[in-house]
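The values are calculated or read from the model by the stated rules, or taken from the named source; none is laboratory data. Owing to the predicted nature of the structure, the values given are computational and were not obtained by experimental measurement. Reconstructed Cβ throughout: ideal geometry from the backbone, glycine too, with neighbour counts over all protein chains shown. The protein model used for the area step is the full one, side chains on, heavy atoms only, and it has no ligands, DNA or RNA in it. Shrake-Rupley method; radii C 1.70, N 1.55, O 1.52, S 1.80 Å.
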Amino acid sequence: MSTPLDDLPDIDAANVVRCARTLLRRPLLRGDGPDGELLALVYRHRFALQDLFAGLLGYRLVVERRFARLYKAGPGVDDTRGVPGMSPRGYAYLALTLGVLTGVGRQALLSRLVSDVRAAAAEAGIDVVDDVVDRRALTAALRHLVSLGVLHETEGQVGADLQTEALITIDTDLLGQLLTGPVAEADSPERLVALAARPGPRGVEHAVRRRLVETPLVLYADLPPDQADWLRRNQRKESVLLEKCFGLFTESRLEGVLAADPEDYLTDMYFPGTSTVARLALLALPSLLELEHDAADEPITRPDGRHPVAVARLREVLDQLVEDYPAAWSKQIVDDPTKLAVEVAELLRRMGLAVECDDGWLLNPAAHRWIPEPDGDPEREVAAPAPIEPEVPSWSLFDEENVS
């Protein structure tokens, strides 16, 4: 398949790939934001980049002197691509804030903005209770808009309690570039989510390629039959294309395709990781992946290669690891075994290594890539040995009576 890179000199082609990777990581690229030094390069190669994204992924790219905006497809029902730490209530406040900002103008006091957002929430039928949870959700929404450059803290800051006054400046140009879904066409939230996740003009081709670029693991079992058939037929060609245009390297297996970035630039979540939850999830995998056997001592397998794990089994494995290595974990996290199991399962789900089922979880075949071995033996509590009393000598150099 030909691409806009084919007619470019090698240096220009390499710069286009670099810009494309940057836009995948930062769909709203600003000159004063992260990686903003590349905005001039994006502007220089804007026509090649627009052709690249439109042809390969069906994405629209808008490039101005101050910013570049890549309009990606919505994730649909997949919630693993959300903003870390943003609760459903936080997303509701984010949507309400965007609506309120369209009528505010260039500047507003924080107190007035908060009051208008809460009034909009009440008008939308959302119960507003001024408690810690509600303030955190609204703060998360406002802080996210600050991180995007839509809101600027001209005087003061958006604090966690929302009690300190601040003067907020709104970048109306960026505000108009945020929404990607066709709001005017949707008559319900569910319809808007579905419309935003529509495949590109090339249908199956764009839908599958978007999955390969946006998620680290694509299993045939998770795709509709027509998309799974297309990927099986074109996986080699797609591997070459993704490496050439986006610097992604793929591994094709019987169960699906894994796309990896050797530079880790496009990676927003790391596994294995250094946190207590990430290390426990890693060390739990060998035990969780042990196959169960039937009455004839034959291993029980599933056609899709996934391995079922009950919630009780996950708790059991984690409890054993905490007991075996008591000094290795954050005490605050392991003190609540139920919460720990939920966080470990959620990490595996967000990494594409597990999917939820009726009675627990199904571990994906890619989980077999990590079979770690602890560096040391279990440090179980043992009774301390009794201290050895020093032996008192029965004689002395000064025992002689006639010492001169």
Within the stretch 181-198, which residues are surrounded by 14 or more Cβ atoms within 10 Å (Cβ to Cβ) and either farther than 17 Å from Leu70 by Cβ or of a type in the set (A, V, I, L, M) (or both)?
Ala186, Leu192, Val193, Ala194, Leu195, Ala196, Ala197
Per the filter on the stretch 281-315, residues touching a residue at least 60 places away in the same chain (Cβ under 8 Å) and more than 18 Å from Val355 (Cα to Cα) are Leu283
If you scan the stretch 65-101, which residues turn out to be among the polar types (S, T, N, Q) and under 24 Å from Arg198 (Cα atoms)?
Thr80
Pairs only if they're at least six apart or on different chains, beta carbon under 8 angstrom, first in the stretch 173-194 and over 16 Å from Thr97 (Cα atoms) and part of a helix (DSSP H, G or I), second open to solvent by 100 Å² or more (accessible area, probe 1.4 Å) and at pLDDT below 85; list them, first residue then second.
Val193/Val77
Output the qualifying pairs, or none if there are none: Cβ atoms under 8 angstrom, residues six or more apart or on different chains, first residue in the stretch 260-278 and under 16 Å from Ala366 (Cβ atoms) and acidic (Asp, Glu), second residue at pLDDT 90 or above and in a loop (DSSP other than H, G, I, E, B).
Asp261/Gly247; Asp261/Leu248
Expected output for the stretch 114-143 (first residue over 16 Å from Ala95 (Cβ atoms) and assigned to a helix (DSSP H, G or I), partner at pLDDT below 90 and open to solvent by less than 70 Å² (accessible area, probe 1.4 Å), Cβ below 6 Å, 6+ apart or cross-chain) is Arg135/Leu162
Return the residues of the stretch 50-95 that are among the basic types (Lys, Arg) and in contact (Cβ under 8 Å) with a residue 60 or more places away in the chain; say none if nothing qualifies.
Arg66, Arg69, Lys72, Arg81
Single residue of the stretch 132-143 satisfying the filter (closer than 22 Å to Gly156 by Cα and open to solvent by 60 Å² or more (accessible area, probe 1.4 Å)) that is farthest from the chain's Cα centre (by Cα):
Val132
When the residues of the stretch 99-122 are filtered to those that are closer than 16 Å to Gly176 by Cα and hydrophobic (A, V, I, L, M, F, W, C), which remaining residue is least open to solvent (accessible area, probe 1.4 Å)?
Leu101
Is at least one residue of the stretch 71-84 crowded, with 17+ Cβ neighbours inside 10 Å and among the β-branched types (Val, Ile, Thr)?
no
If the requirement is being closer than 20 Å to Phe53 by Cβ, aromatic (Phe, Trp, Tyr) and out of contact with any Leu (no Cβ under 7 Å at 6 or more places or on another chain), which of these qualifies: Tyr270, Tyr265?
Tyr265
Return the residues of the stretch 11-34 that are modelled with pLDDT of 95 or more and of a type in the set (Asp, Glu); say none if nothing qualifies.
Asp12
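Rundown of residues vs (1) within 28 Å of Gly85 (Cβ to Cβ); (2) modelled with pLDDT under 90; (3) not aliphatic (A, V, I, L, M), yes/no style:
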position	(1), (2), (3)
Ser147	yes, no, yes
Val150	yes, no, no
Ala184	no, yes, no
Leu212	yes, no, no
Gln227	no, no, yes
Please go through (1) modelled with pLDDT of 90 or more; (2) of a type outside the set (Gly, Ala, Ser); (3) not in a loop (DSSP other than H, G, I, E, B) for His368 and return the number of the only condition it doesn't satisfy.
(1)
So which of Glu243, Glu251, Glu263, Glu290 is in a strand (DSSP E or B) and open to solvent by 40 Å² or more (accessible area, probe 1.4 Å)?
Glu251
